[in-house]
Amino acid sequence: MKLHEYQSKQIFSRYRIPIPRGRVAATAIEAKHIAEELGGRVVVKAQVLVGGRGKAGGVKLANNPEEAEQFATQILSMTIKGLPVRKVLVDEAASIEQEIYLGITNDRTAKKPVIMASSAGGVEIEEVARTNPEKIVKVHINPLIGIKEYQTRDIASAIDLPRECWKQFGEILIGLWGVFNDKDATLAEINPLVIGKDRKLTALDGKMLIDDNALFRHPDLSELRDTDEDAPSEIEARKYGLTFIKLDGNIGCMVNGAGLAMASMDILKLFGGEPANFLDIGGGAGADKVAAAMRIILSDPNVKAILFNIFGGITRCDEVARGILTAMAEVKPKVPMVVRLVGTNAKEGRELLVNAKMITAETLAEAAQKAVAAAKGA
Ligand code: GDP
Ligand code: MN
């Protein structure tokens, strides 16, 4: 789950990371009032869950409350990388001497969290990573020990941070580790962390990704989810506890088990098909969950065929068949459906589906080939 900049920065400030004064607004008039409160010079920033807002014109410096209102009007009517801007953050404008990059993420190869820091922070950091990777300093963290002060000094020195800023930098880095660790984040990033004319460090931007599988431990964070920016089908799926990811192809997939779902998508591709979604109905899914999954798949107009690949273990094939029948009665699908049921109660499942006019298959390869052919209208 992605958090907005303003949400991330609020969390940062609870870990004593300095952030600019500011508030979020949903209308231009509100933005103007906030600017008045803050004393005039502000930055108006689009709150959308994508990077590169600055370059897209979604970050504007206003000299007075009237300008803040104008910019807010403009920015609130923008769409950035396909996402409509619904809110703006109005922050006190900062004076910038230098922009630093500071982030913590997981290094899957090293199997450890890693700190990344660079003196070349700001909107060009991706470019820096490509052309001057040596300008990004990386230090791994032992999660059982956390960050030690000597590490913060090493990093400060490695990025040539002015001496007078080391202490603040150390506190910010330890705070950022606290955020990353406590919130089960997969990314906690400050870009830019700026050195002001007064030599004070401030986090001007904030970005956090939270591990969805840890959200059950963070009900307060779950509430921050901005469903405005998710595909409606994904929101619906979450309600039923289905793991669903919408893709661009035309073959709907209903599978139990994440690994089997991945394998089913691979094999569809092998035979020249394109999956319309990843869907894991989970172990032990009952008829209602299956029916919900089928409605979600069929709500995608691109879907030209559906592949059901069910390996009955805890999940019983007859339950799945009942779910399919319930959903068919309700949504009356017009697309061909290929079904492969094996395992617990497969025979009972198949018997239930005898009158359902579905294409049956014995093996996964056969099912995939039939689904690809069906999607092509063969
Ligand atoms: P992003 O483009 O989505 O990463 O948005 P950022 O919040 O990082 O802003 C992009 C750039 O705008 C920053 O790198 C800064 O150069 C600039 N910027 C952001 N806030 C301020 C501010 O308060 N004052 C000034 N002068 N520049 C700012
Ligand atoms: Mn940024």
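The values are calculated or read from the model by the stated rules, or taken from the named source; none is laboratory data. The model shown is predicted, which means the values in this text are computed figures rather than measured ones. With ideal geometry, Cβ positions are generated from the backbone for all residues, glycine too; neighbour counts draw on all protein chains shown. Surface accessibility is based on the protein's heavy atoms, side chains included, excluding ligands, DNA and RNA. Shrake-Rupley method; radii C 1.70, N 1.55, O 1.52, S 1.80 Å.
Side notes on the structure shown:
- Any chance residue 67 is within 12 Å of ligand 1 (Cβ to nearest atom), open to solvent by 40 Å² or more (accessible area, probe 1.4 Å) and either modelled with pLDDT of 95 or more or among the aromatic types (Phe, Trp, Tyr) (or both): no
- Unmet requirement for residue 80, which otherwise passes all of (1) farther than 20 Å from residue 203 by Cα; (2) away from ligand 1 (no atom under 11 Å from the Cβ): (2)
- Scope the stretch 90-123; condition within 16 Å of ligand 2 (Cβ to nearest atom) and within 27 Å of residue 40 (Cα to Cα); matching residues: 91, 93, 94, 96, 98, 99, 100, 121, 122, 123
- Within the stretch 200-243, the set of residues being at pLDDT 90 or above and within 16 Å of ligand 1 (Cβ to nearest atom) comprises 200, 201, 202, 203, 204, 205, 206, 207, 208, 209.
- Inter-residue pairs, beta-carbon under 6 Å, first modelled with pLDDT under 95 and in a loop (DSSP other than H, G, I, E, B) and in the stretch 1-20, second open to solvent by less than 20 Å² (accessible area, probe 1.4 Å) and more than 11 Å from ligand 1 (Cβ to nearest atom), 6+ apart: 1/210
- All positions within the stretch 21-62 that are away from ligand 2 (no atom under 16 Å from the Cβ), among the small types (Gly, Ala, Ser) and either free of Cβ contacts under 8 Å to residues at least 40 places away in the same chain or surrounded by 15 or more Cβ atoms within 10 Å (Cβ to Cβ) (or both): 25, 28, 31, 35, 40, 62
- Screening residue 254 on (1) closer than 21 Å to residue 282 by Cα; (2) within 14 Å of the chain's Cα centre (by Cα) shows it passes everything except condition (2).
- When the residues of the stretch 245-275 are filtered to those that are more than 20 Å from residue 321 (Cα to Cα) and assigned to a strand (DSSP E or B), the one that is least open to solvent (accessible area, probe 1.4 Å) is 275.
- Residue ID - farthest from residue 271 (Cα to Cα), chosen from residues in the stretch 222-244 that are part of a helix (DSSP H, G or I) and β-branched (Val, Ile, Thr): 227
- Residue check for residue 115: open to solvent by less than 10 Å² (accessible area, probe 1.4 Å), assigned by TED's automatic domain parsing to the domain that holds residue 190, more than 12 Å from ligand 1 (Cβ to nearest atom) and part of a strand (DSSP E or B): yes
- The residues of the stretch 26-80 that are under 22 Å from residue 224 (Cα atoms), in contact with a Ser or Thr (Cβ under 9 Å, 6 or more places away or on another chain) and not in a loop (DSSP other than H, G, I, E, B), listed by number, are 31, 76.
- Verdict on residue 80 being within 16 Å of ligand 2 (Cβ to nearest atom) and in the same structural domain as residue 116 (by TED's automatic domain parsing): no
- In the stretch 163-216, residue farthest from residue 46 (Cα to Cα) [restricted to those that are basic (Lys, Arg) and open to solvent by 50 Å² or more (accessible area, probe 1.4 Å)]: 163
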